[in-house]
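The values are calculated or read from the model by the stated rules, or taken from the named source; none is laboratory data. This one's a predicted model, so the numbers in the text were calculated from it and none came from an experiment. Using ideal geometry, Cβ is built from the backbone for each residue, glycine included, and neighbour counts are taken over all protein chains shown. Just the protein is used for accessible areas: all its heavy atoms, side chains included, with ligands, DNA and RNA removed. Shrake-Rupley method; radii C 1.70, N 1.55, O 1.52, S 1.80 Å.
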Amino acid sequence: MAELRHSTLAAAARASNSPAKRDSDASAASSPFAASTSAARGRDDDDGKDAHRSSPLLPQHHHNKQLLPSPIRSLLALEDPRPPTASLSYRILLAALALLLLAALFSAPSLWSRFNAPYLCQKEGIMLHCPQTNEPLSLWENPRAATTSWKPCAERRSDEPSDVPPENETSGYIFIHAEGGLNQQRIAICNAVAIAKIMGATLILPVLKQDQIWKDQTKFEDIFDVDHFINYLKDDVRIIRDIPDWFTEKDELFTSIKRTVKNIPKYASAQFYIDNVLPRIKEKTIMSIKPFVDRLGYDNVPMEINRLRCRVNYHALKFLPDIEEMSDKLATKMRNRTGSGNPYMALHLRYEKGMVGLSFCDFAGTREEKVMMAAYRQKEWPRRYKNGSHLWPLALQKRKEGRCPLEPGEIALILRAMGYTRETQIYVASGQVYGGKNRMAPLRNMFPNLVTKEELASTAEMEHFRKHVTSLAALDFLVCLKSDVFVQTHGGNFAKLIIGARRYGGRHRLKSIKPDKGLMSRSLGDPYLGWASFAEDVVISHQARAGLPEPTFPGYDLWENPLTPCMCRA
């Protein structure tokens, strides 16, 4: 037995020392699968011990990798169950995963900043707190003013002969009531002079009709300089102060159908007046025209007629000297509030109850406010309101198209995004703001240096002008006209005439901002829009909305853009 055991051990020793056996062991030791193979052998041992743990031939890192789950070991190439033919596809997959991981790492900062960007403003009660912005150098200058060079040229040249026919050759007399507010009346007066010129008729000084909203009894001579008006236009149109004494049917004007021309289409052509109105004036001698709001077009009349309308608007219609003087005082006080010669902004804030109701737009407010506004609309505009069921989709569509008046808080956001700071001096021209102090709070919070004419002037100074609502409107008009920056919040004759006058008088080199209301609708509808992106959008979109004269086109508005007929190259 001893000899048998000795022979067996010797045979084993010879086998282990053979070259083939040594190469096989070396190959097994270097294989990445050695750990799993060794572990399998260890489990087969009779004593149940883990051969992998106890084997001195296996490195320690192989022991650590053995603890990872099988899918991860496969991904890290610790296990490779693939057949050799799948190697290329596996490498492509790994490369794609690596690229996706790299892209995620690069985009992580921008995604983080987007989700953590501040909203446009933080609301605290009725107050809005917006991020501060640095004041750029071009705040008070039109950025494109250097690209244009225009001058006013609607004045009558000294060498132009008078073409007014003798009094005994006049085709008749026309009489109009200028309706609406001050600026609508102003446009009506300009149009009245134009149609008198077209028909070769004599114009009776227009009457400023009492407006149902303003409830004002202002006469022409209470607001405008009558002598200057008549004398300045004496070589264009004959104008008389009152109805001739020989006409004994004064009470019939505007009451008798025989003495009134009606049914004149909106924006009628010059030829329409010659064909349809002039024969009746020749027949009756004196005729009134009613209604007379926007009854003369712009692109269907001769160029010299449009030029005459500009002459009336910018040269013949002058406010009374006391109104001009008071407006100069208010403008000077605005510039001297915080120093000497500081610029100021004029803001035409159109957010009165009537404008809010007439717009048929939906605005933020309490449930009680909405119920009261619905009742107001139903009372004032019953045909349009009906039962109100169709108004909600209509209101959404109008807001998307930028046809709704801007709220005080919305215009405050635009101004802050443009770079105007809390120190900006703002003159507010507006009626009674719908919603009162609560609605004005966001604007006043962001721009505390905000004043009205009543806050600038004393009660004694304003007493004389309170007699007529149109006198107060004239003061607002002139202070806005003299401002360094003019901002409107909604359309209307006031804003159109201000922007047109600033363009005509060379003040187009200063800003007249016409806000992009559609941009506000889109921006406020994006909950993830950060302040920096919003401010950039506002600045870029308003570079071309700063009040420069623009080339005209068919259907243009003469009062807002008097370029082609009334201005020429400097």
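Quick notes
- Residues of region 509-534 satisfying the condition of being under 22 Å from Ser138 (Cα atoms) and among the small types (Gly, Ala, Ser): Ser512, Ala532, Ser533
- For region 477-511, taking the residues that are open to solvent by less than 20 Å² (accessible area, probe 1.4 Å) and assigned to a loop (DSSP other than H, G, I, E, B), the one that is nearest to Ile323 (Cα to Cα) is identified as Ser483.
- Filtered by the rule that a residue be polar (S, T, N, Q), over 20 Å from the mean Cα position of the chain (by Cα) and within 21 Å of His490 (Cβ to Cβ), region 360-398 gives no residues.
- Single match in Tyr427, Tyr420 (criterion: surrounded by 15 or more Cβ atoms within 10 Å (Cβ to Cβ), in contact (Cβ under 8 Å) with a residue 60 or more places away in the chain and under 20 Å from Met355 (Cβ atoms)): Tyr427
- Test: Asp251 is at pLDDT 95 or above and surrounded by fewer than 12 Cβ atoms within 10 Å (Cβ to Cβ): no
- In the set (1) small (Gly, Ala, Ser); (2) in contact with a Lys or Arg (Cβ under 9 Å, 6 or more places away or on another chain); (3) buried (at least 24 other Cβ atoms within 10 Å of the Cβ), Ala474 fails one condition alone, (2).
- Residue list for region 169-185, restricted to those being part of a helix (DSSP H, G or I) and either surrounded by fewer than 23 Cβ atoms within 10 Å (Cβ to Cβ) or polar (S, T, N, Q) (or both): Glu169, Asn183, Gln184, Gln185
For every residue, the table says whether it meets (1) free of Cβ contacts under 8 Å to residues at least 60 places away in the same chain; (2) part of a loop (DSSP other than H, G, I, E, B); (3) in contact with a Gly (Cβ under 7 Å, 6 or more places away or on another chain); (4) open to solvent by 40 Å² or more (accessible area, probe 1.4 Å).
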{"position": "Thr255", "(1), (2), (3), (4)": "yes, yes, no, yes"}
{"position": "Ile274", "(1), (2), (3), (4)": "no, no, no, yes"}
{"position": "Glu283", "(1), (2), (3), (4)": "yes, no, no, yes"}
{"position": "Ile305", "(1), (2), (3), (4)": "no, no, no, no"}
{"position": "Val312", "(1), (2), (3), (4)": "no, no, no, no"}
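- Residue match in region 520-543 (condition: modelled with pLDDT of 90 or more, among the β-branched types (Val, Ile, Thr) and either open to solvent by less than 20 Å² (accessible area, probe 1.4 Å) or within 19 Å of Tyr420 (Cβ to Cβ) (or both)): no
- First in region 341-359 and over 15 Å from Asn493 (Cα atoms) and free of Cβ contacts under 8 Å to residues at least 60 places away in the same chain, second anywhere and hydroxyl-bearing (Ser, Thr, Tyr) and not in a loop (DSSP other than H, G, I, E, B), Cβ under 8 Å, 6 or more apart: Gly357/Tyr376
- Extreme residue, most open to solvent (accessible area, probe 1.4 Å), among residues of region 227-248 that are of a type in the set (A, V, I, L, M, F, W, C) and assigned to a helix (DSSP H, G or I): Ile230
- Odd one out for Gly409 among (1) under 26 Å from the mean Cα position of the chain (by Cα); (2) under 27 Å from Ser458 (Cα atoms): (2)
- Residues located in region 257-272, provided they are surrounded by 15 or more Cβ atoms within 10 Å (Cβ to Cβ), in a helix (DSSP H, G or I) and touching a residue at least 24 places away in the same chain (Cβ under 8 Å): Arg259, Ala270
- Residue in region 438-446 that is open to solvent by less than 10 Å² (accessible area, probe 1.4 Å) and in a helix (DSSP H, G or I) present: yes
- Residue satisfying condition, being of a type outside the set (Val, Ile, Thr) and over 23 Å from Leu413 (Cα atoms), within set Ala535, Ala495, Ala501, Ala546: Ala501
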